[in-house]
1. Subtract the Cα-Cα distance of S23 and N56 from 0.36 nm times their separation in residues, and report this length gain in nm to one decimal.
2. Please state the relative contact order of the chain as a whole percent: Cα pairs under 8 Å, 6+ residues apart?
3. To the nearest 10 degrees, how steep is helix 43-59 against the longest Cα principal axis of the chain, on a 0 to 90 scale?
4. Using the Cβ atoms and a cut-off under 12 Å, what net charge is assigned to the surroundings of G38, where Lys and Arg are +1 and Asp and Glu are -1?
5. Would you count, across the chain, every pair of lysines whose alpha carbons are under 22 angstrom apart, provided the pair is eight or more residues apart or spans two chains?
6. Translational diffusion coefficient, Stokes-Einstein: compute it for the chain using the Kirkwood radius over C-alpha pairs as Rh, at 20 °C and 1.002 mPa s, and state it as an integer in µm² s⁻¹.
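Every number in this text was worked out from the coordinates using simple rules, so none of it is lab data. Being a predicted model, the structure only gives us computed values, none of them experimental. Cβ coordinates were reconstructed from backbone atoms using ideal geometry, including for glycine residues, and neighbour counts include every protein chain displayed.
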Amino acid sequence: MAKYGNIPRYRTVEEFGPIHDRSFMVKVYINDQVYGGGVGKSKKKAEQEAAIEALNKLKHD
């Protein structure tokens, strides 16, 4: 991340599903630009999916 000078920031952009079976959509931002997104049954899982997508994008830049 030193290449970009900022740490990633995660934002929950959507919650959906019934209360007892909630899912979360999270996006990861670096320098206010979206680098990845993820969906999961917990915020942590959605953040992990977003991080994987962001890392893959950074590898190919």
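1. Numbers: separation 33, 0.36 × 33 = 11.88 nm, distance 2.31 nm.
My answer for the length gained is 9.6 nm.
2. On the way: 115 pairs, mean separation 15.0, N = 61.
With pairs under 8 Å counted, the relative contact order is 25 percent.
3. Approximately 30 degrees, to the nearest ten.
4. Values: positive: R11, K27, K41, K43, K44, K45; negative: E14, E47, E49, E53.
Summing Lys/Arg as +1 and Asp/Glu as -1 gives +2.
5. Lysine pairs, 8 or more places apart or on different chains, close enough: 13.
6. Details: Rh = 11.8 Å.
Using the Kirkwood radius from Cα pairs, D works out to 182 µm²/s.
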